[in-house]
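S.K.: Input: one structure, supplied below.
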Amino acid sequence: MNNSLSLLTQINIINTLDVSLDIFPFVHYTFPTLNNYIVKLEPPPLARFNVVDTLIQFAQKWAKGHGYALTKKNSHQGKNVYLTCDQYGEYISLKGPTQRQSTKIKCGCKLRLRGFITAPSDINSQEFHTIYLTRYGHWGLVPLEILHNHPPSTTPSVHPIHFWLNEKELVQVEGFMKATVCPNQILSHIYAQGNTCTTSQTLYNYKGHLSIKKRNGKSQLEYLIRLLKERNWIHSDQSNTNGNITNLFFSHPDSIELGHTNNHSILIDDTYQTCKYDFPLFHMVGKTTTGHTFSLAFYYMEQENDDGYIWALQELKIIFEPPIITKVIFTDSEPALKLAIELVFPSSIHNYFTWHISKSLIQNCCKYFQEDDWKDYQTSWNLLVSSKSAEEYYNNLEKIKE
């Protein structure tokens, strides 16, 4: 079948099947896999459907089992839909020629299918057109070009469109994500339902889509501040001359209450992979008398400088009423943070994390030891920093000196 078929010819082909071909039983149709087909790259059969979505789903599943995939092209809502091979046409670079060699999926394939309402849309009489649609108004599927210029795919997973989730799966995935189910478990559930092409990246992309949808046009920072207000978090911020937020401090009321009763030590550390603005997130952690940790406060800052650290620690001091005096503060070796602690909490003892100290030992001391001696020293060092009492500490210290 080729492009020379007129609209009425295509309609007549579908209508001649009225007796022998009812609405295609898509729900009960079993789609074989690639290995079960003798003829690869075969176009879908002549068929008709109640709605266009069912037509597209059937054609896509047919293509998936025959070694190719379909995409929608130049469609007119409510009239017709054109489907082509995903390798249809030629790739046109918007950036011009590049030196990098990349794989291009388009190779000039000619396969084209047409889905259309089986009523002559060129009839001028709107009344007759309405009557025809009422009686014969189904979506027909016919091929316009049936030849491919490429071999069949060995697996559906090479076609990105086969990664997509259907509407039922999207609803399920959204529910799982709201329940904070991990992606691996969601993926296993989807595989169990027969969709073995979806990847974890598909789930992450959909999670990002849901996040954008939830924010309703707001930026990530605007949405965060709105959530802090709605959920009664204590928060404060600083802005530059342009009105852009440069520092953001926030803490939960329950964390503040825990901080009042467990104020003997605070741990402050940062991470950089938190947001698209590349602001480091500082995490202030408290520790209970039973050895459990809890989040005391959080702090986004644009630049790690003296003013930023001083402001953050002052905000930490302000939220405690009456004010508390922290006995020990643990941090990394950031000089600006050390200076801020001396100014805001002058009576507190400042110590470094043992992880940072151990890392510094490896960088600066390892070169002075033989391999076996270094292993012995590391063992003694680990015993020293894990001492449970002052007596045990001094005993382990003497062993290192020896």
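No value in this document is a laboratory result; all are computed from the given coordinates. Computed from a predicted structure; not experimentally measured.
S.K.: Under the Karplus relation 6.51 cos²θ - 1.76 cosθ + 1.60, θ = phi - 60°, what is the ordered set of whole-Hz ³J(HN,Hα) values for segment 374-388, x standing for Gly and Pro?
M.R.: Going residue by residue, I get 5, 5, 5, 5, 4, 4, 5, 5, 4, 5, 5, 6, 9, 4, 9 Hz, with x marking Gly and Pro.
S.K.: Right, here's the next one. Over segment 232-352, with a single point scatterer placed on each C-alpha, what log10 of the ratio I(q)/I(0) does the Debye formula yield at q = 0.20 1/Å?
M.R.: Log10 I(q)/I(0), no solvent term: -1.17.
S.K.: Please compare each pair in 64/106; 375/399; 287/399; 287/317; 73/213 to a cut-off of 19 Å on the Cα-Cα distance and tell me which ones are over it. Provide the component values of the computation, followed by the final result.
M.R.: Numbers: 64/106 17 Å; 375/399 14 Å; 287/399 30 Å; 287/317 17 Å; 73/213 26 Å.
From 64/106; 375/399; 287/399; 287/317; 73/213, over 19 Å: 287/399; 73/213.
S.K.: Over all alpha-carbon pairs in segment 288-402, figure out the percentage whose distance exceeds 20 Å. It would help to have the intermediate numbers written out before the result.
M.R.: Details: 3740 of 6555 pairs.
Percent of Cα pairs beyond 20 Å in segment 288-402: 57.
S.K.: Could I ask something else about it? Each residue of segment 346-360 in turn: what ³J(HN,Hα) in whole Hz from Karplus with 6.51, -1.76, 1.60 and θ = phi - 60°, glycine and Pro shown as x?
M.R.: Taking θ as phi minus 60°, the curve returns x, 8, 8, 8, 9, 10, 9, 5, 5, 4, 5, 5, 5, 5, 5 Hz for segment 346-360.
S.K.: Given 5 Å bins starting at zero, what is the percent of C-alpha pairs of segment 357-401 in each, up to the one with the largest pair distance?
M.R.: 5, 23, 27, 24, 14, 6, 1
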